[in-house]
Amino acid sequence: MIKVITYGTFDLLHYGHIRLLERAKSLGDYLIVGVTADDFDRSRGKINVQQSLMDRIEGVKNTNLADEIIVEEYEGQKIDDIKRYGVDIFTIGSDWLGKFDYLKEYCKVIYLDRTEGISSTDIRSQKRAHKMGLIGDVPFLVKFLKESQFVNGIDVVGIYSNNIEIIPDEMKNLPCITNDYEELLSKVDSLYIISHPFLHYEQIKQALEHGIHVLCESPIAIDPKQFDELNALAISNNCVLVDALRTAYSMAYERLMLFVKSGGIGQVKSVDATCTSIRNIDINNKTELARTWNSICDWGPTAMLPVFQLLGTNDVKYTIITNLAESNILYDNFTKIDFIYPHAVASVKVAKGVKSEGELIISGTNGYIYVPAPWWKTDYFEVRYENPENNKRYFYQLDGEGLRYELVDFIKQMDTLSHDKYISEKVSREIVNVISDFYNKKNIVEI
Ligand code: C2G
């Protein structure tokens, strides 16, 4: 009996896949199909897969061409599989020509002609081509634009800026470069906002009134009432309004949260997060100062995220201890927030005028999680127990600081009009609450 093996993602199964499987099957008597696990795809940079592993397996099964279906989970697994299943022929489409020649040591390798004119990528992008506009801090927008090119289904078509003369080269090809916000809004169906937090409310409101979906750097607003108003407006206008907090979308962070929530370190008693980045700013230059994000807006949402996601937003008391560099517009050099819950505590330290170790520590009754600096860009965390022999280390691929995954999630939310957000509204609102208290000098101690 001749055994044949082939691998693929088989997302949105199409004619090209079926033709490949038919030809693979006819090469022998028994066909094994390896379908890629979600993590494996993500780790090899394939982030746009639409269907779940189970749905993709179901698709392959329904072709009735596979005698056996397995899951491809790790780099190098093909060698293991070929040996384990006694495979005679490995086959794959010609888009991989030469890439799997190393398997010739174990079996025959056959590249089959790829079917032209059809691909999952085309199907995905035909399905969703959201036109996106950008607004805010231009240097970051350059990075954002670059990252958006890794994501299917989003087309950045314009930028709004007060200063269109100094648009960087990378952005000069955008079809719409304008200093007229209304003009941008008339050309897009979604918006990414990284303007100063004081501007968010008006800009978001106007966008939502035009039926435009919004992805906005956190905090979405600096007043909880305005936050509620914007969320209600989003729902009534069939739009999504999402916090852009890219740390939340890094795989290491997601896995860490799941690990802790499933009791991996027992009950959580303390969450301590520090985020700092020194920024030399001329305190006397009021214009510059008014444009610059202060420490609590810039870092607060990221630092508070694990606190609220793990300990919740109910029954929490807090004190904000701050060191202000400028007291009129409340530009803080350094802010520490101490949270007290009925059964746990938390602290966040955020600063743009003080440097510290940017780590995250989550302490539980059985052990603790340690995420080294800079934890907000993490691809790695450690679980540590009393007995060091039980310690575990976890590594995950992080591409584009989480921006790509954040965009993929935003697209999914726009397409499904889901208000079931990964960063829940409660968490998002509590972040706004704390920042609002800071501006209203409530629960605050100045040092
Ligand atoms: N294919 C094809 N014609 C197309 C599209 C895809 O012949 N128009 C083939 C591919 O060459 C591959 C198979 O169909 O052999 C599955 O394609 P994908 O789902 O895109 O998976 P891919 O990323 O190629 O996965 O480790 C290798 C991977 O598992 C291969």
Kindly provide the set of residues from region 95-115 that are near the ligand (Cβ under 7 Å from one of its atoms) and within 35 Å of the chain's Cα centre (by Cα), ordered by number.
-> Asp95, Trp96, Arg114, Thr115
Residue selected from region 385-405 under the condition charged (D, E, K, R) and in contact with a strand residue (DSSP E or B) (Cβ under 6 Å, 6 or more places away or on another chain), by the criterion nearest to Gly45 (Cα to Cα) = Arg393
Candidate set from region 5-35 (those that are in a strand (DSSP E or B) and in contact with a Phe, Trp or Tyr (Cβ under 7 Å, 6 or more places away or on another chain)); member that is surrounded by the most Cβ atoms within 10 Å (Cβ to Cβ) = Ile5
Is it fair to say Ile135 is among the aliphatic types (A, V, I, L, M) and farther than 30 Å from Ile92 by Cα?
-> yes
Output for region 1-40, where each listed residue is closer than 22 Å to Arg84 by Cβ and out of contact with any strand residue (DSSP E or B) (no Cβ under 8 Å at 6 or more places or on another chain) | Asp39
Please identify the pairs in which a residue from region 399-419 that is of a type in the set (Phe, Trp, Tyr) has its Cβ atom under 7 Å from the Cβ atom of a residue that is in a helix (DSSP H, G or I), counting only partners at least 6 apart or on another chain.
-> Tyr405/Tyr249
Working only within region 211-248, note down all residues that are touching a helix residue (DSSP H, G or I) at 6+ places or on another chain (Cβ under 9 Å), assigned to a loop (DSSP other than H, G, I, E, B), over 17 Å from Tyr405 (Cα atoms) and of a type outside the set (A, V, I, L, M).
-> Pro219, Asp223, Asn237, Cys239
Going through region 57-100 in order, the residues found to be in contact with a helix residue (DSSP H, G or I) (Cβ under 9 Å, 6 or more places away or on another chain), assigned to a helix (DSSP H, G or I) and without any contact (Cβ under 8 Å) to a residue 60 or more places away in the chain are Gly59, Val60, Gln77, Ile79
Residue check for Asn328: under 23 Å from Val432 (Cβ atoms), outside any strand (DSSP E or B) and without any contact (Cβ under 8 Å) to a residue 40 or more places away in the chain | yes
Residue list for region 12-26, restricted to those being over 20 Å from Lys108 (Cα atoms) and near the ligand (Cβ under 6 Å from one of its atoms) | Gly16, His17
Does any residue of region 28-36 turn out to be modelled with pLDDT under 95 and either of a type in the set (D, E, K, R) or more than 23 Å from Thr115 (Cα to Cα) (or both)?
-> no
Look through region 1-11, keep the residues that are more than 19 Å from Arg124 (Cα to Cα) and either in contact with a Ser or Thr (Cβ under 8 Å, 6 or more places away or on another chain) or of a type in the set (Val, Ile, Thr) (or both), and return whichever of them is farthest from the ligand (Cβ to nearest atom).
-> Ile2
Scanning for something of a type in the set (A, V, I, L, M, F, W, C), buried (at least 22 other Cβ atoms within 10 Å of the Cβ), farther than 30 Å from Gln397 by Cβ and within 24 Å of the chain's Cα centre (by Cα), does region 177-200 turn up at least one residue?
-> yes
If you go through region 322-338 one residue at a time, how many are more than 28 Å from the chain's Cα centre (by Cα), at pLDDT 95 or above and surrounded by fewer than 17 Cβ atoms within 10 Å (Cβ to Cβ)?
-> 1
Of the residues that make up region 263-270, is at least one at pLDDT 95 or above, assigned to a loop (DSSP other than H, G, I, E, B) and buried (at least 18 other Cβ atoms within 10 Å of the Cβ)?
-> yes
Subset of region 27-47, residues more than 9 Å from the ligand (Cβ to nearest atom) and in contact (Cβ under 8 Å) with a residue 40 or more places away in the chain, comes to Leu27, Gly28, Ile32, Asp39, Arg42, Ser43, Gly45, Ile47
Of those in region 118-142 that are without any contact (Cβ under 8 Å) to a residue 60 or more places away in the chain and in a loop (DSSP other than H, G, I, E, B), the residue nearest to the ligand (Cβ to nearest atom) is Ala129
Any hit, region 390-409, residues being of a type in the set (A, V, I, L, M), in a helix (DSSP H, G or I) and in contact with a Ser or Thr (Cβ under 7 Å, 6 or more places away or on another chain) | yes
Can you tell me which residues in region 236-256 are among the hydrophobic types (A, V, I, L, M, F, W, C) and over 12 Å from the mean Cα position of the chain (by Cα)?
-> Cys239, Val240, Leu241, Leu256
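The values are calculated or read from the model by the stated rules, or taken from the named source; none is laboratory data. Predicted model only: the values in this text are computed from it and were never measured. Because the Cβ atoms are built from the backbone with ideal geometry, glycine has one as well, and the counts that use them run over all protein chains shown.
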